[in-house]
1. What is the distance, in nm, between label points placed 7 Å from the Cα along the Cα-to-Cβ direction at B:Asp129 and at B:Asp153?
2. Take B:Ala459 and B:Gln166, extend 7 Å from each Cα along the Cα→Cβ direction, and tell me the distance between the two endpoints in nm.
3. How far is it, in nm, from the label point at A:Arg58 to the one at B:Ala96 when both lie 7 Å from their Cα along the line to the Cβ?
4. What does the average come to when, for each residue of peptide B:691-699, you count the partner chain Cβ atoms lying within 10 Å of its Cβ?
5. Starting from 0.36 nm per residue, how many nanometres of slack lie between B:Arg173 and B:Arg236 once their C-alpha separation is accounted for?
6. What do you get for GluC sites (Glu not before Pro) in segment B:134-224 restricted to DSSP loop and a cutoff of at most 16 other Cβ within 10 Å of the site's Cβ?
7. Return P(r) of segment B:579-714 (all Cα-Cα pairs; 5 Å bins starting at 0; whole %; ordered from short to long distances).
8. Could you give each residue of segment A:85-98 its phi-based ³J(HN,Hα) in whole Hz, using Karplus coefficients 6.51, -1.76, 1.60 with θ = phi - 60°, and x for Gly or Pro?
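Values in this text are rule-based calculations from the coordinates and carry no lab data. What you see is a predicted model, and the numbers here were worked out from it, not measured in a lab. Counting neighbours? That spans all protein chains shown, and the Cβs are built from the backbone with ideal geometry, glycine included.
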Amino acid sequence: MSRQKKSQGLPLWLIVLLVLLAAGGGFYSLHQNGGDASLRTTEELDPSIYYENANSLRGNTYKIDVEIDSALGNSPTKGRLFSVILKKASKNGAPVVLPVLVPLELGNLTIQKGQHYLMKVKVVENGLLKVEEARKP
Amino acid sequence: MMKRTLWDGSLAVFLITFGSVCAQIPNAQTIHETGQQYKEGNPLTGASDNLAIGSQAMFEANLKAKKNIVDMKPNTFLSLWNNPGFAIQFEKYLSAPAETSEDAKLYRQRMDKIMELLAPGNATKQNQDEAFNLLPLASEFESDANNCTTIHDAVYAAANARLQIQKLTEVDRALETQLSASQYNQLHEAQSLTLPSIAPGKNDVADNNANENELRTAKMDPSKSRVAVLKQTIQRNQAQIASAELQAKFALQSLILQLFVQRRYQHVIIIDRFYRALFDDGDQSLEQFAQMADKMGYNKAAGQVKLIADANPKGATAAGSGNNGPHGGVGASAGTGKDGAGASVGNDYYNNNNGMDASAISGSGLHMGVENLSVESAENAFVTGMKGASRTFKSLSQLDAFANEVIRDVNEGVKVYRFLLEKSEIESAASQLASVFTKGEYLPSVRLLSQDEKRKTLAYAQLCNRLVNAANSGNIDALSEVVSQMKQMNPSFDDAEILAKLQGVKTASSLLVAQAKVAASKGDLQVVQTQITRAAALWPNNPEVTNFSSEMSKLGNVARPEVQALADFDQFEGQHNYRQIFDDKEKYIAAIAMDDSTRKTMRQEKLRKVLARMQEIETSIMRSQEIARRGDDAGAWEGLEMTFSQYPDDQKLSQLRADLTTQAPDFVHDVRQAKSYEERKEYGSALAWYLRSQSRYPMSDLSKQGIQRLVRMIMPDAS
């Protein structure tokens, strides 16, 4: 008699807990995947093409995986200018250093040397890379 | 203070260097100047020799030029001006006023009156006396030059001779009467002579005959002597008569010819008519004059005085006619050659008595100038002149006809002159006037031309005079100017030959300059001097001669190192060849220190800048070389690149920069790409390249400066 009673399944409280955990994880996962969706569909910048003829890329948007190298300048009207190093080195192994302009719209970003960022950049006039979106991976 | 020390030190270095060079090559300047000749072992030419050579060259060149130009006679009128005697006389005439004064008018009236009184048909004894009395009156005027008085005296003397002849003739006639009587008396005495006819004895016959002869002689001697004396007296008188006539005729004929040569044709006609009146025996020949001329001796050893100058034009006339006889005929010719005149006459008169004399006259105008003048040679010339005249003119009729012809010709020439002048044909008009002046300077029609009528010719004549003078001086430029003026005044002036000669002389001068240049390139200064002197003598203002002299001065300065150094400095500085100046800086420092020209300050400033610049370049090079030795090729290149951007024209810097470029090619490429984009104002790309170059060589100043510069361009308000 007592053996029959032990085989009746999981207690209710555990099931509720599991349901809550699944719901929370799903929400979190859904939230996180929503911001990464635009970077996932954006093409990665080819630095060799950029170096050779940035004008030909003007107006295009690319994503870059970079590490902040140094701050080059800070303008109250245009934003901040940084040099960043692509995480992915060039074919010959030389580091690829690019200038990026972080506009005033992204002024809330805290950017420091050595930080790792995924950035969505647009090639604007004069071949400058203007950051449209940035987040830490 | 520092600068002063630098200059002084440099000067000392230069002086020491220069002194040592001079010590090694004694007399170096002389060797340089004498050039190749010295090297070839030719003896050095002294200054005096060079001077002599130059003088000789100048003399020869001058002669050549003068001969070339003076020999040309493109125009008739111009050729006259090659005779200075004529030129002076003619110019004086052109400047003289017309003889329209009352005195001149009265003189002409008296001359006309004399000629009228003596004209054929009017020459009665009374008219002859009146004309004779008018001669002294006509001679009162200056333009007559006392010729009428001379005629008056000669006619008077001839008339006296005629009187003497008449007296002697009358005496002779009386003596002949006396002689006839004496001869008759002598015959009568001879017929009435009584002598003892029988001798006393046979042996007394011889003595008796001797006594008879003595007696006969004693009785006949007085009458014989008287007859002989009368005969001798008559013969002597006849000789005196002949001599007096001969002398009188000769005197007048000589005067006629003299006046003819003087071109006093009116006087010739006057005295000719007096002559005919005085010697009315029908003998019009100049035989006495010819005989006298033939009898005069000629001293061959003395040579002959030469009269030089030829007034030109050369006249010639000829006449001839036959007399309808079977063999009668006459020929005459006259002509002017290049250097003289000639005349010849031929007739058949003496062989056939059926022709007439021909006449042939050739004149050669006015001769002036004397050569080989001495008493003997002058006598020879006089004799030759007399003989020539006696052969040219055979009779007074010829002279008279010729004088009349000349007067007519001159009068016509004056009319032609006025016409040509009116038509502005200056050359022809001037030639015509010169011709009438030469032929009949003293004729009224010539003397009556007004100053206004002669003014154009005077101006043209003066130009001609200047032309000849310019030609004689050998001044090509002056000659060209005069030719131009003549052409302007007289468009018909034939300047082709003159211009051709001028061009020839100019070309010759230029060729001599070219030869001088060739000689200069060989260092043959003697030939240079000779040729350039000749060139200058031919064409003193030849610009090539002037330029050559300037070049020679420069060549001469080569012998002075400091002058050459200054010239080199100016040249290198002008060419921006600062490296060359820097390499020989000691020389230029010393030369500029010794520079005593007004450019010294400017040169000093330039040299200072050059040295500062080169110092910076050299420092950069040394620094880069040191960096490169440490293996930092990019750093070495960058150091040079920064200096190179300031001084891109330095060869050494450029070469070293090129060498280092190959040592750090990636870095150099990045920097150059960055600069390229920066110049194209693609600041984003340029910044990317600078960042890249900086990543390769983090110590790069170029990259750092570029980045800073571009950040300011992208964000002018960046902090």
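1. With each label placed 7 Å out from Cα toward Cβ, I get 2.5 nm.
2. If labels sit at B:Ala459 and B:Gln166, their model points lie 6.3 nm apart.
3. 10.4 nm
4. 4
5. 21.4 nm
6. Within segment B:134-224, the qualifying GluC sites (Glu not before Pro) (loop, at most 16 other Cβ atoms within 10 Å) are B:Glu140.
7. Histogramming segment B:579-714 at 5 Å steps yields 2, 10, 17, 16, 14, 12, 9, 7, 6, 5, 2, 0 percent.
8. For segment A:85-98, the Karplus-derived couplings read 10, 5, 5, 9, 6, 6, 5, 8, x, 6, x, 10, 10, 10 Hz, x marking Gly and Pro.
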